[in-house]
Amino acid sequence: MTPGPAAAPPGQPPRPAERSLFVSDVHLDAGAPESQRQFLDFLRTEAMRADALYILGDLFELWVGDDAEVNEPVLDALAELTGRGVASFLLHGNRDFLIGQRFCDQTGCRLLPDPVIVELGGERVLLTHGDALCTDDPAYQELRTIVRAATWQRRFLDLPLVTRSLLASEARAGSRAHTARSAPTIMDVNSQAVQQAFRATRARRMIHGHTHRPAVHDALLEGHPVQRIVLGAWYEQGSYLLYQGGRYELRTLSR
Ligand code: MN
């Protein structure tokens with residue numbers, strides 16, 4: 001049972017219900033101005049009316065360090081959002097896992113570990129980017145282990161910016177080729193990994209992105225209903241998940 005909004009004392013407006021938004025895989029890139037326009041618009045409208053914004057990874061198509069040439073309009077819009085009191089949280093994706101403290105200082109966003117449990121309406125909800133669940137792709141998981149190690153990241157960030165950018169674009173080309181020759185099912189989450197995540201955290205709901213397959217999956221795990229909500233990518237159309245009054249709703253932005 002979900003409690004409704006608290007009754008307001010006489011003469012006072014009712015307390016608004018908690019309103020949280022979730023986005024993932026915006027993949028902001030200089031070569032995709034339309035996604036950028038939609039996302040900036042989203043930050044200035046829908047997000048401004050929320051209590052919290054959760055960005056579940058791959059906000060940027062590429063991030064080679066906080067010292068690189070940054071996307072000023074997006075950083076400024078995030079700073080404005082957090083400045084107005086919208087609590088904003090960020091998880092790393094597989095493309096922007098080098099987002100660090102400087103980004104957080106500039107935007108007021110808080111970096112969360114992946115996976116993480118948050119409490120929404122009294123319920124524990126598991127948030128993750130989703131790439132760690134794609135265990136049918138061992139080559140990717142091996143690469144992930146390497147690049148997520150602190151020592152690898154320190155060495156990479158010590159390289160000159162131009163070298164980092166070059167290595168990143170080579171890695172991106174390699175990743176595209178790998179994706180192109182892999183079966184579509186390999187690029188989706190593995191159901192055992194999903195069950196394992198539910199069991200390990202004892203959460204009954206998880207929200208993730210990465211696979212670009214927006215959907216709500218209901219299932220039974222050991223007799224308990226569990227739900228996995230998958231967020232969409234923004235390549236063609238912006239979308240988000242709205243949580244309000246105990247309900248979750250996937251929404252597509254109008255152009
Ligand atoms: Mn991803």
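The values are calculated or read from the model by the stated rules, or taken from the named source; none is laboratory data. Everything quoted here is computed from the prediction, not taken from an experiment. Positions of Cβ are generated from backbone atoms using ideal geometry, with glycine treated the same way; all protein chains shown enter the neighbour counts.
Within segment 64-105, can you find the residues that are in a helix (DSSP H, G or I) and charged (D, E, K, R)? Scanning segment 64-105 gives Glu72, Asp76, Glu80, Arg102, Asp105.
With respect to the conditions (1) within 16 Å of the ligand (Cβ to nearest atom); (2) over 21 Å from the mean Cα position of the chain (by Cα); (3) hydroxyl-bearing (Ser, Thr, Tyr), Ser169 falls short on a single one, namely (1). Within segment 234-255, residues that are in a strand (DSSP E or B) sit with their Cβ atoms under 8 Å from residues that are of a type in the set (A, V, I, L, M) and at pLDDT below 90, at 6+ positions apart or across chains, in these pairs: Gln244/Ala17.
Assessment of segment 95-106 against the conditions (over 25 Å from Ala168 (Cα atoms), under 15 Å from the mean Cα position of the chain (by Cα) and either surrounded by fewer than 21 Cβ atoms within 10 Å (Cβ to Cβ) or more than 16 Å from the ligand (Cβ to nearest atom) (or both)) yields no matching residue. Taken over segment 207-228, the criterion of being of a type outside the set (Ser, Thr, Tyr) and within 12 Å of the chain's Cα centre (by Cα) is satisfied by Ile207, His208, Gly209, His210, His212. Going through (1) assigned to a strand (DSSP E or B); (2) at pLDDT below 95 one by one, Ser175 falls short only on (1). Using beta carbons and a limit of 8 Å, which pairs, at least six apart or on different chains, have the first residue in segment 129-149 and farther than 13 Å from Val189 by Cα and the second one surrounded by fewer than 14 Cβ atoms within 10 Å (Cβ to Cβ)? Listed by first residue and then by second, the contacts come to Ile146/Trp152. Here the condition is being assigned to a helix (DSSP H, G or I), closer than 22 Å to Gly121 by Cβ, among the aliphatic types (A, V, I, L, M) and at pLDDT 95 or above; of Ala197, Ala193, it holds for Ala197 alone. Across segment 214-227, a minimum of one residue is classified as part of a loop (DSSP other than H, G, I, E, B), within 20 Å of Ala47 (Cα to Cα) and at pLDDT 95 or above. Out of Asp67, Asp136, one residue alone is loosely packed, with under 15 Cβ neighbours inside 10 Å, more than 19 Å from the chain's Cα centre (by Cα) and not hydroxyl-bearing (Ser, Thr, Tyr). It is Asp67. In the condition set (1) within 16 Å of the ligand (Cβ to nearest atom); (2) more than 27 Å from Tyr54 (Cα to Cα), Ser175 is compliant with all but (2).
Give the residue that is surrounded by the fewest Cβ atoms within 10 Å (Cβ to Cβ), with candidates limited to residues of segment 117-131 that are assigned to a strand (DSSP E or B) and away from the ligand (no atom under 16 Å from the Cβ). Checking each candidate, the answer is Glu119.
Counting only residues that are within 27 Å of His208 (Cα to Cα), surrounded by 11 or more Cβ atoms within 10 Å (Cβ to Cβ) and among the hydroxyl-bearing types (Ser, Thr, Tyr), segment 153-194 holds 5 of them. Of all residues in segment 178-226, count the ones that are among the polar types (S, T, N, Q), over 24 Å from His92 (Cβ atoms) and touching a residue at least 60 places away in the same chain (Cβ under 8 Å). Adding up the residues that qualify gives 0.
When Ala79 is tested against (1) in contact with a helix residue (DSSP H, G or I) (Cβ under 7 Å, 6 or more places away or on another chain); (2) under 19 Å from Trp234 (Cβ atoms), only condition (2) is not met.
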